[in-house]
Amino acid sequence: MAISERRPLVAGNWKMNGLRPSAVEFSRIMAGSAGLAGKVDLMICPPATLIRAFAEQAGTSGIAIGGQNCHAEPAGAFTGDISAEMLKDAGANAVIVGHSERRTLHKETDAEVCAKARAAWRGGLIAIVCIGETQAEREAGQTLDVLGRQIDGSLPDGVTAANLVVAYEPVWAIGTGLTPTSADVAQAHEFIRQRIVEHHGVAGNSVRILYGGSVKLSNAKELMAVPHVDGALVGGASLKAEDFLGIAAVYR
Ligand code: PGA
């Protein structure tokens, strides 16, 4: 499949940021998104407390809403957790699973991430599965080994272009202002593409692979031009409508 056949996706990961007044910033994103419709898919993943309000606000604007994590089970005695079904019920279309902050701070394993991706599908959500190497792993020349292991362990059987997005996020690039070179991103994304196709067949050619980690206005154009980069997962810069829209406007 030619790159142009994969509609780019720019998703904002708000992490643990945002209170009800953030609806104003979300309105700004909605207002500025009109000119981008049809060229790039937009998604905001706010904290769970804002999903319902943002989903209602988004209406028919075409901006998708995603969660940032889910439990593998649909319901039960799991105090403080949230299921894919609950996210869907609140108005989400997708959920990020296996973000490095969850893998590191909550010790999530590939097997757990895989179970969460399966849960996302069960709940009717797109799974945005994050993978990426640490600085130590990169320095040890293990980047592709780590990515291969994470892909093999974190993606359930049954991958389609409609149910999966993969986000390559080098851990050392998240929130640091550092980014890999275009050549490094190209190598990683091509490897990820091949590995998905190898294990999941031709559907892997249509799965979108996002780059994430310090994406900002000044580097978005260069990063998004790399082959097999089908969009971005944006953290810090997605909190400001102007920056988020500016990044998405790379695809205008
Ligand atoms: P960042 O975060 O853009 O702030 O580096 C990206 C992410 O963690 O998804």
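The table below gives the values:
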{"quantity": "Theoretical gain in end-to-end length, Glu139 to Asp152 [0.36 nm per residue, Cα-Cα removed]", "calculated": "2.5 nm"}
{"quantity": "Packing rank of 203-210, 170-177, 230-237, where each peptide gets the mean count of other beta carbons within 10 Å, highest leading", "calculated": "230-237, 203-210, 170-177"}
{"quantity": "Pairs of Lys in the chain closer than 27 Å at Cα, counting only those 8 or more apart or on different chains", "calculated": "17"}
{"quantity": "Residue-wise HN-Hα coupling along the range 130-135, computed from phi with Karplus coefficients 6.51, -1.76, 1.60 (Hz; x: Gly, Pro)", "calculated": "9, 9, x, 8, 7, 4"}
{"quantity": "Calculated log₁₀ intensity ratio I(q)/I(0) where the Debye formula runs over C-alpha points of the range 1-75, q = 0.18, 0.25 Å⁻¹", "calculated": "-0.75, -1.17"}
{"quantity": "Distance between the range 52-99 and the range 187-252 - C-alpha centres, whole angstrom", "calculated": "22"}
{"quantity": "Zone of Asp89's modelled label, taken as backbone nitrogen in the range 36-66 under 18 Å from a point 7 Å along Cα→Cβ", "calculated": "48-56, 66"}
{"quantity": "Qualifying chymotrypsin sites (Phe, Trp or Tyr not before Pro) in the range 23-109, DSSP loop, other Cβ atoms within 10 Å at most 12", "calculated": "Phe78"}
{"quantity": "Selected from Ala127, Ala241, Ala140 as most flexible by GNM, with the chain as the system and alpha-carbon contacts under 10 Å", "calculated": "Ala140"}
{"quantity": "Per-residue ³J(HN,Hα) for the range 103-116, Karplus 6.51 cos²θ - 1.76 cosθ + 1.60, θ = phi - 60°, Hz, x for Gly and Pro", "calculated": "4, 7, 6, 10, 6, 6, 9, 4, 5, 5, 4, 4, 5, 5"}
{"quantity": "Cβ-derived FRET efficiency at R0 25 Å, Leu105 paired with Glu73, nearest 0.05", "calculated": "0.75"}
{"quantity": "Alpha-carbon gyration tensor eigenvalues x 5, square-rooted, for the range 3-251, Å", "calculated": "25, 22, 17"}
{"quantity": "Computed Rg/Rh of the range 50-155, alpha carbon atoms with Kirkwood Rh", "calculated": "1.04"}
{"quantity": "Relative contact order (%) - criterion: Cα under 8 Å, at least six apart; region: the chain", "calculated": "22"}
{"quantity": "Alpha-carbon gyration tensor eigenvalues x 5, square-rooted, for the range 95-167, Å", "calculated": "22, 13, 9"}
{"quantity": "Whole-number Å³ per residue for the convex hull built on Cα positions in the range 110-252", "calculated": "112"}
{"quantity": "Length added when fully stretched, Asp81-Ala34, from 0.36 nm per residue minus Cα-Cα", "calculated": "13.4 nm"}
{"quantity": "Rounded to the nearest 20 debye, dipole of the chain from Cβ charges on Lys, Arg, Asp, Glu", "calculated": "600"}
{"quantity": "5 angstrom amide H check on His71, placed H, neighbours 5+ away", "calculated": "Ile82, Ser83, Ala84"}
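Computed from the coordinates by the stated procedures, all read-outs in this text should not be read as laboratory data. Predicted model only: the values in this text are computed from it and were never measured. Reconstructed Cβ throughout: ideal geometry from the backbone, glycine too, with neighbour counts over all protein chains shown.
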